[in-house]
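Some notes on the structure that comes next.
The values are calculated or read from the model by the stated rules, or taken from the named source; none is laboratory data. These figures come from a predicted structure and were not determined experimentally. Counting neighbours? That spans all protein chains shown, and the Cβs are built from the backbone with ideal geometry, glycine included. In case anyone asks, the SASA skips ligands and DNA or RNA and just uses the protein heavy atoms, side chains included. Shrake-Rupley method; radii C 1.70, N 1.55, O 1.52, S 1.80 Å.
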Amino acid sequence: MNDAAPLLKVRELTTVFHTAEGLLRAVDGVSFAVPRGKTFALVGESGCGKTVTAFSILRLVPSPPGEILSGRVELEGQNLPDMNEEQMRSVRGARISMIFQEPMTSLNPVLTCGSQIVEAIRLHRGSPSGRARQQAIEMLAKVGIPDAAQRFREYPHQLSGGMRQRVMISMALSCGPQLLIADEPTTALDVTIQAQILDLLRQLQQQALSILLITHDLAVVAEMADAVGVMYASKMAELAGAAELFARPLHPYTHGLFRSLPRLGTKKTRLEAIGGNVPNPLAFPTGCKFHPRCPIGRNLPRCRSEEPPLREVHGGHWAACWECPGFIDAPQTTPGDEGRSQS
Ligand SMILES: Nc1ncnc2c1ncn2[C@@H]1O[C@H](COP(=O)(O)OP(=O)(O)OP(=O)(O)O)[C@@H](O)[C@H]1O
Ligand SMILES: [Mg+2]
C-alpha cells in the first residue's frame, strides 16, 4: 500500500432523497480526500450536505427515501459502495467510527456507559467480557474521564454533556479505527468543555488518527484542520490546504464565511455575515447556486445561467467560481487524484 495515497477518497459522490416534493440532491458530485494521519474539515452553512456526505461514506443514509446515486468512496483503495452489508458492518466501527453532535441521542439511556463500550469492544475485537471490561475502563481513562471505574457503572443521564461526548469518543475509538468522522463534535457543548474536547481531538491527531471533521465553526477549522472543503448547496465550492485557504480564499462564499469568523472562545454556532438565505434544495437557483447572495455574481449573466465546475485554480487549491482570478484557464482536476500523478 502506497503510504502517500490518501486513506479515504470520495469521488463525485451524489446522494439524493426521493421526497413528496421531488428529488432532493443533498450531495452533488462531491470529491475530496482524507490523507493518512491528517484532518480534513468540511464546512458550510446548515443544510449544505455535510452530514449526508458523512452518512453516505458509512452507507447509513436511510433508504428509502435516500439513495446514493453515483460516486466512489475508496478506503485504502476499496470502494465501499461495492461492499455487501456484512463487509460494510466490519468497516463501520472497526475501520471508520463516527461521533455525533448530540451524544445523548446516540447513547442508549437504559444501559450504563460501561456496558455500551464493552458491547462495542466485544462486537469488534471479540474480547471476552472480563478483558473487554478492563479495556473499556482504560478507554474511559484515556479520553480524560476521571474515576473511570466509577463512571463505567453510571448511566448517560448521570453525566454532563462534556463527559457524555467523551464516552462517545471512547466508544468510537475502542475499536482502533483508522478514520474518525466527527460531526459537529463540540457544537452542543459550552465553551470550556468545547476546548477540552478539542484538546482531546488534538491528542488523537498527534497519534496519527485520520479525522473527517464536520463543523460550522471556522475557529475550530483554523485550529484543527490540515485541509478544508467548503460546501455550498450540496456542492464543493472551494477546497484547499488550511493555511492556503485562510491566506487566499478564492470563492466569494468563503470570503463571506471568513467575515463571519467569530473570535475564539465566543459561542456562535451559526454563520451570520452572509446576506440572504441558503437556497431550498428542491428549488436551487439556476447558474451558480450562490449567485443570488453573491456581491459579484448577482448581476452577471454567466453566473446567473451557467453553473461553474470545480477547477484547480492554483496547485492543490480548487474553486467553483467564474469570477475568481485564474479560473477560466484553470484545469478541471479532481481533488484527491493529485497523489496519483506523483506516485
Ligand atoms: N432523511 C432525509 N429526507 C429528506 N431530506 C433529507 C434527509 N436528510 C437530510 N435531508 C436533506 O439533505 C440536505 C443536506 O442535509 P445535511 O443534514 O447533510 O446538512 P448539513 O450540512 O449537515 O447541515 P447542518 O449544518 O444543519 O447539520 C438538507 O436539505 C436536508 O434537508
Ligand atoms: Mg449536519
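Numbers for the structure displayed
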item: Using alpha-carbon coordinates, inclination of helix 191-206 to the longest axis of the chain, degrees; result: 90 degrees
item: Length-normalised contact order for the chain - Cα pairs under 8 Å, 6+ apart - percent; result: 21 percent
item: Accessible area in square angstrom per residue, region 103-176, 1.4 angstrom probe; result: 46 Å²
item: Under the Karplus curve 6.51 cos²θ - 1.76 cosθ + 1.60, θ = phi - 60°, whole-Hz ³J(HN,Hα) for region 5-14, x wherever Gly or Pro sits; result: 5, x, 5, 10, 10, 9, 10, 6, 6, 10
item: Sum of -39500 (n - 2.57) over DSSP H runs of 4+, divided by residues of the chain (222 nm, nearest 500); result: -9000 deg cm²/dmol
item: DSSP bridge orientation in the chain - percent antiparallel, rounded to nearest 5; result: 60 percent
item: Total lysine pairs under 28 Å (Cα atoms) in the chain, excluding pairs fewer than 8 apart on one chain; result: 18
item: Counting DSSP beta bridges with both ends in region 174-324, the antiparallel % (nearest 5); result: 70 percent
item: For the chain, fraction of C-alpha pairs farther apart than 34 Å, in %; result: 26 percent
item: The chain - percent of accessible surface contributed by carbon and sulfur, probe 1.4 Å; result: 51 percent
item: Highest-fluctuation residue, Ala237, Ala33, Ala283 considered, GNM on the chain with Cα pairs under 10 Å; result: Ala283
item: Pair Arg125, Glu76: separation of 7 Å Cα→Cβ label points (nm); result: 1.8 nm
item: Modelled FRET efficiency - R0 30 Å, Asn84 with His18, Cβ distances, 0.05 increments; result: 0.80
